[in-house]
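Chemist: Can you read through this structure? Questions will come right after.
The values are calculated or read from the model by the stated rules, or taken from the named source; none is laboratory data. Since this is a predicted model, take the numbers as computed values, not measurements. Don't worry about glycine lacking a Cβ; one is built from the backbone with ideal geometry, like all the others, and counts go over all protein chains shown.
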Amino acid sequence: MFFSFELLLEALMFGVLLGCFYTAVSIGLSVSFGLLDVPHVAHPAIMVLGSYATYIVASQGLDPILSGVLLMPVFFVLGVLVYRFYYESFERRGTEAGVRGLAFFFGLAFIIEIGLILVFGVDQRTVEAAYIGESLELGEYRIPYRMLVAFGVALVLTFSLTLYLSKTFTGRAIKAVAQDEPALRLMGANPVRIKQWAFGIATGVSALAGALLIIVGPVEPAIDRLYIGRTFCIVVLAGLGSMTGTLAAGLILGIAESMVLMFFGASWAPAVAFGLLLLVLGVRPQGLFGR
Amino acid sequence: MRFWICAAVLAAASFGLALSPVNEYFFYAAYVVLTFVVLATAWNILGGYAGYVNFGTPAFFGIGAYAATLLFKSLGAPLAVQIAAGALMGGLLGFGVGMLTLRLRGIFFAIATVAVVFIMETLMINWRYVGGATGLQLLRPEVIAPFENYIRMLFVVMAWMGIAGVAIARYVQDSWIGRGLRALRDSEEAAEACGVPTLKLKLFACTVMGGLMGAAGAPMPMYLSFIEPASTFNLNYTIGALGGAIIGGMSHWLGPIIGALLLGSLQQIVTVTISGEVNVLIVGVLLVLFVVLAPEGILGLLKKIMPRSR
């Protein structure tokens with residue numbers, strides 16, 4: 001292990017960028033699992049689906065970010081359908097949704113993953129854009145532009161979602177559903193429609209997150225397995241459903257992973273998210289900003 | 001009594017089969033199917049009876065496989081010792097995971113078990129002695145007397161392990177342990193209030209499950225003559241074990257056997273005729289179809305068709 005102040009600073013800087021990217025990929029789950037209590041273990045798989053959709057659209061010559069944005073409505077509809085199906089099959093029946101609901105999403109994740117393998121093969125895919133591959137040179141540090149782009153989009157995404165949830169009527173309704181569903185029903189609102197809407201938004205955001213994923217690095221169908229750890233680690237560490245918490249937790253994971261990457265090597269990095277997740281679950285399951 | 005006669009007949013039949021001139025490929029395929037019978041049966045002890053979803057099958061399976069590898073490489077331990085060590089390590093890991101049930105339920109527990117898989121995988125990737133990321137080639141020892149080759153022997157070992165596993169699951173289900181586990185599945189608070197020792201029962205279920213899965217993993221390195229982390233700690237084992245139990249039916253020890261035999265055989269056929277990817281897809285599709293359309297699994301369907309039988 002080699003240690004120096006410059007390396008530490010570099011790891012810290014890279015960690016912040018990485019952390020914002022991780023926030024962006026987790027924010028959808030923060031809504032669907034954090035606020036709606038849906039055991040959405042297929043979230044990373046849907047995001048990878050978004051990466052491949054971006055890959056297809058971007059190969060027509062469009063910018064990957066723009067492709068991601070264009071795909072958001074499509075994924076919104078997909079999310080509405082998935083939630084509707086989940087609701088009709090499990091939530092409405094009520095009985096023992098636990099084991100079977102989890103199995104449903106786990107099965108769904110596998111179907112998406114293998115579907116992608118069958119269509120695209122196991123090879124890694126990348127997209128092309130002017131900012132991929134180039135780096136910003138700051139003195140002796142080099143910051144890849146793709147990380148900066150991901151950083152920017154992640155911040156915009158996180159803040160707009162935070163604003164949406166706290167300022168708009170529907171956004172507040174989503175938060176209300178998370179707090180007290182029966183009360184919302186008594187106020188004359190239909191919780192199922194609000195949840196459906198919220199799940200749609202969460203899935204729509206995953207399309208853009210998927211675009212970021214394929215901008216930041218090559219994507220292969222089974223990459224979702226690693227992101228189960230990262231996304232759930234962030235959402236649980238944040239305290240379910242807290243958007244600012246999600247950003248804080250994303251930064252913590254990003255910095256931690258970047259430090260381990262720098263000082264212990266790449267082979268230990270995947271364990272960071274899962275280790276942190278286990279630690280949080282064991283010590284403080286309500287997270288940092290728990291509701 | 002009927003159960004034990006069946007078990008003895010099956011044990012003898014598997015032994016006889018291994019000595020008969022059946023095609024070699026059958027044993028290769030049957031070994032894998034039987035592994036999934038053990039895994040699904042073990043999974044059901046915690047998942048079906050107690051309602052705790054374990055996504056960590058490969059962690060237990062893998063720790064068994066690596067315990068066996070370690071003993072084999074360092075001491076040249078015989079297969080029986082390897083399996084005992086695998087069961088022990090799996091049981092210990094199960095006990096550790098059981099401690100998590102103190103605080104975690106539902107999806108939190110499930111996600112924690114996924115974390116255990118990846119942490120185990122990372123540890124093994126970074127442990128050079130057992131092969132690291134590239135894996136380790138293992139030379140099988142001489143096969144023991146009546147068997148023609150090693151795979152036939154492993155087939156019998158796995159068949160017997162399956163029978164033992166089912167006997168354990170059946171005992172758990174029919175004893176006060178099973179009643180306690182079902183009680184805590186329905187309501188942990190109510191069970192605790194009625195004097196059910198919920199923590200002890202959960203720890204017991206986790207340990208037994210882990211032990212069985214570890215034992216099932218132990219002969220794997222000998223079967224493949226090879227071990228490496230990525231395929232050992234593959235989440236495909238998770239979906240195999242969970243799929244077998246859910247598709248077969250979680251309420252009875254027969255369920256996981258039916259489910260795993262069906263799924264496993266189907267997967268073997270598909271692997272040969274179509275491709276290795278499609279076989280996982282089939283499990284995923286069947287799993288989703290069953291949890292949505294037939295939540296009680298095949299056993300539930302059978303009960304609907306024949307309401308008078310048990």
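Chemist: Is it fair to say residue A:213 is within 25 Å of residue A:125 (Cβ to Cβ), more than 14 Å from chain B (Cβ to nearest Cβ) and of a type outside the set (D, E, K, R)?
Modeler: Here the answer is yes, as residue A:213 does meet what is asked.
Chemist: When segment A:89-112 is examined, which residues are found to be farther than 19 Å from residue B:47 by Cα, over 23 Å from the mean Cα position of the chain (by Cα) and either of a type in the set (Val, Ile, Thr) or more than 7 Å from chain B (Cβ to nearest Cβ) (or both)?
Modeler: Residues satisfying the conditions are A:91, A:92, A:93.
Chemist: Return a yes/no flag: does segment B:133-143 have any residue that is more than 10 Å from chain A (Cβ to nearest Cβ) and acidic (Asp, Glu).
Modeler: Within segment B:133-143, one or more residues are more than 10 Å from chain A (Cβ to nearest Cβ) and acidic (Asp, Glu).
Chemist: Right, here's the next one. Surrounded by fewer than 24 Cβ atoms within 10 Å (Cβ to Cβ), in contact (Cβ under 8 Å) with a residue 40 or more places away in the chain and under 15 Å from the mean Cα position of the chain (by Cα), is that true of residue A:72?
Modeler: In short, yes.
Chemist: Next question. Return only the number of the condition from (1) surrounded by fewer than 21 Cβ atoms within 10 Å (Cβ to Cβ); (2) of a type in the set (A, V, I, L, M, F, W, C); (3) within 22 Å of residue B:97 (Cβ to Cβ); (4) within 19 Å of the chain's Cα centre (by Cα) that residue B:177 does not satisfy.
Modeler: Residue B:177 satisfies all of (1) surrounded by fewer than 21 Cβ atoms within 10 Å (Cβ to Cβ); (2) of a type in the set (A, V, I, L, M, F, W, C); (3) within 22 Å of residue B:97 (Cβ to Cβ); (4) within 19 Å of the chain's Cα centre (by Cα) except (4).
Chemist: Check whether at least one residue in segment B:26-42 is within 14 Å of chain A (Cβ to nearest Cβ) and either over 21 Å from residue B:145 (Cα atoms) or touching a residue at least 12 places away in the same chain (Cβ under 8 Å) (or both), and report yes or no.
Modeler: Yes, segment B:26-42 contains a residue that is within 14 Å of chain A (Cβ to nearest Cβ) and either over 21 Å from residue B:145 (Cα atoms) or touching a residue at least 12 places away in the same chain (Cβ under 8 Å) (or both).
Chemist: Got at least one residue in segment B:60-68 being within 13 Å of chain A (Cβ to nearest Cβ) and either under 19 Å from residue B:220 (Cβ atoms) or hydroxyl-bearing (Ser, Thr, Tyr) (or both)?
Modeler: No: zero hits.
Chemist: On to the next question. Could you grab me the full set of residues in segment A:34-63 that are small (Gly, Ala, Ser) and in contact (Cβ under 8 Å) with a residue 40 or more places away in the chain?
Modeler: Matches in segment A:34-63: A:34, A:42, A:45, A:50, A:51, A:53, A:58, A:59.
Chemist: Additional query: Touching a Leu at 6+ places or on another chain (Cβ under 6 Å), within 30 Å of residue B:121 (Cβ to Cβ) and crowded, with 17+ Cβ neighbours inside 10 Å: which single residue out of B:255, B:284 fits that description?
Modeler: Result: B:255 is the single residue among B:255, B:284 that is touching a Leu at 6+ places or on another chain (Cβ under 6 Å), within 30 Å of residue B:121 (Cβ to Cβ) and crowded, with 17+ Cβ neighbours inside 10 Å.
Chemist: Please specify each residue of segment A:117-144 satisfying the condition of being surrounded by 17 or more Cβ atoms within 10 Å (Cβ to Cβ) and in a helix (DSSP H, G or I).
Modeler: A:117
Chemist: In segment B:103-131, how many are touching a helix residue (DSSP H, G or I) at 6+ places or on another chain (Cβ under 8 Å), more than 9 Å from every other protein chain (Cβ to nearest Cβ) and either part of a loop (DSSP other than H, G, I, E, B) or surrounded by fewer than 20 Cβ atoms within 10 Å (Cβ to Cβ) (or both)?
Modeler: 2
Chemist: Working carefully through the options B:210, B:249, B:195, find the one that is closer than 14 Å to residue B:47 by Cβ, out of contact with any Phe, Trp or Tyr (no Cβ under 6 Å at 6 or more places or on another chain) and not polar (S, T, N, Q).
Modeler: Exactly one of B:210, B:249, B:195 is closer than 14 Å to residue B:47 by Cβ, out of contact with any Phe, Trp or Tyr (no Cβ under 6 Å at 6 or more places or on another chain) and not polar (S, T, N, Q), namely B:249.
Chemist: Now for a separate question. In a helix (DSSP H, G or I), at negative phi and among the charged types (D, E, K, R): is that true of residue B:148 in this structure?
Modeler: Against the criterion (in a helix (DSSP H, G or I), at negative phi and among the charged types (D, E, K, R)), residue B:148 does not qualify.
Chemist: Let me ask something additional. Of the residues that make up segment B:217-240, is at least one surrounded by 19 or more Cβ atoms within 10 Å (Cβ to Cβ), away from every other protein chain (no Cβ under 13 Å) and under 19 Å from residue B:168 (Cα atoms)?
Modeler: Yes: segment B:217-240 contains one or more residues that are surrounded by 19 or more Cβ atoms within 10 Å (Cβ to Cβ), away from every other protein chain (no Cβ under 13 Å) and under 19 Å from residue B:168 (Cα atoms).
Chemist: Please work out if residue B:285 is among the aliphatic types (A, V, I, L, M), modelled with pLDDT under 90 and either farther than 23 Å from residue A:105 by Cα or touching a helix residue (DSSP H, G or I) at 6+ places or on another chain (Cβ under 7 Å) (or both).
Modeler: No.
Chemist: Is it the case that segment B:15-35 has a residue that's at pLDDT 90 or above, more than 22 Å from residue B:159 (Cβ to Cβ) and out of contact with any strand residue (DSSP E or B) (no Cβ under 9 Å at 6 or more places or on another chain)?
Modeler: no
Chemist: Residues that are among the charged types (D, E, K, R): find the helices (runs of 4 or more DSSP H) completely inside segment B:230-310 holding 2 or more of those.
Modeler: Correct list: B:297-305.
Chemist: Take segment B:156-174 and flag every residue that is surrounded by 15 or more Cβ atoms within 10 Å (Cβ to Cβ) and not small (Gly, Ala, Ser).
Modeler: B:156, B:157, B:158, B:160, B:161, B:163, B:166, B:168, B:170, B:172, B:173 - these are the residues of segment B:156-174 that are surrounded by 15 or more Cβ atoms within 10 Å (Cβ to Cβ) and not small (Gly, Ala, Ser).
Chemist: OK, next. I need every pair where a residue in segment A:113-125 that is within 11 Å of chain B (Cβ to nearest Cβ) and on the phi < 0 side of the Ramachandran plot has its Cβ under 9 Å from the Cβ of a residue that is of a type in the set (Lys, Arg) and assigned to a helix (DSSP H, G or I), sequence separation at least 6 or different chains.
Modeler: That search, which allows pairs on different chains as well, returns A:113/A:225.
Chemist: I would also like to ask the following. In segment B:245-286, which residue that is under 15 Å from residue B:296 (Cβ atoms) and under 12 Å from the mean Cα position of the chain (by Cα) is nearest to the other protein chains (Cβ to nearest Cβ)?
Modeler: Among those that are under 15 Å from residue B:296 (Cβ atoms) and under 12 Å from the mean Cα position of the chain (by Cα), it is B:245.
Chemist: Take residue A:33 and tell me if it is among the aromatic types (Phe, Trp, Tyr), away from chain B (no Cβ under 14 Å), part of a helix (DSSP H, G or I) and touching a helix residue (DSSP H, G or I) at 6+ places or on another chain (Cβ under 7 Å).
Modeler: no
Chemist: Would a scan of segment B:261-274 turn up a residue that is modelled with pLDDT of 85 or more, of a type in the set (Gly, Ala, Ser) and surrounded by 23 or more Cβ atoms within 10 Å (Cβ to Cβ)?
Modeler: yes
Chemist: Does residue A:86 fit the bill of being buried (at least 18 other Cβ atoms within 10 Å of the Cβ) and within 11 Å of another protein chain (Cβ to nearest Cβ)?
Modeler: When the stated conditions are applied, residue A:86 passes them.
Chemist: Is it the case that some residue within segment A:228-235 is in contact with a His (Cβ under 7 Å, 6 or more places away or on another chain), closer than 15 Å to residue A:47 by Cβ and within 14 Å of chain B (Cβ to nearest Cβ)?
Modeler: yes
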